[in-house]
Amino acid sequence: MSDQEFTMRVRSMERKLYRIAHAILWSDADCADAIQEAVFKGWMKKSGLRDERYFETWLVRILINECRSLIRRQRFSPLPLDAAVVGRGEEPGVDLALRTALISLPEKYRTPLLLHHLEGYDLRETAQILKLTPQLVKSRLHQARKLLQRRLNAGDESE
């Protein structure tokens, strides 16, 4: 893959990479760091990509690993409260109850839900990105939907 082709393909994925990183990290600054590091690592290892058809899946996998690495590093260096809240402002048109319910889902349920329903990956692709079996992804999607529905219904009852 040429340098120019790599750049074009990354540029075409910018919004998707941001949405995936944001679903995991919920902070604009952390998303930018994770995306930058993922693209850099992809650039450095692009010669290792065996089949260019899987470029998108490959780069998303690198990004998810980078997001998880960032979360692990942050566990050992707590942020002050005001810094932890930066980037969590409301976006226009976003349902606050849905956003709160999504945030409350454990990452193992939230990530497959995001990849499958919001980004449009099929079960096989989602499984490949997450390095899970398609059956496990299907199970986690089912559990995520049930948890999400329960949390949304609980929010309706409290009003």
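Would a scan of segment 39-55 turn up a residue that is outside the structural domain of P112 (by TED's automatic domain parsing), closer than 24 Å to S104 by Cβ, crowded, with 17+ Cβ neighbours inside 10 Å and modelled with pLDDT of 85 or more? Steps first, please.
Let us first name the residues in segment 39-55 that are outside the structural domain of P112 (by TED's automatic domain parsing), namely 39-55.
When the remaining residues are screened for being closer than 24 Å to S104 by Cβ, the result is none.
No, segment 39-55 contains no residue that is outside the structural domain of P112 (by TED's automatic domain parsing), closer than 24 Å to S104 by Cβ, crowded, with 17+ Cβ neighbours inside 10 Å and modelled with pLDDT of 85 or more.
In segment 100-122, the qualifying residues are those that are surrounded by fewer than 16 Cβ atoms within 10 Å (Cβ to Cβ) and assigned to a helix (DSSP H, G or I), and the one that is modelled with the highest pLDDT is K108.
Evaluated against (1) at pLDDT 80 or above; (2) touching a helix residue (DSSP H, G or I) at 6+ places or on another chain (Cβ under 6 Å); (3) in a helix (DSSP H, G or I), A97 falls short on exactly one condition, (1).
The values are calculated or read from the model by the stated rules, or taken from the named source; none is laboratory data. What you see is a predicted model, and the numbers here were worked out from it, not measured in a lab. Here the Cβ is made from the backbone with ideal geometry for all residues, glycine too, and neighbour counts use every protein chain on show.
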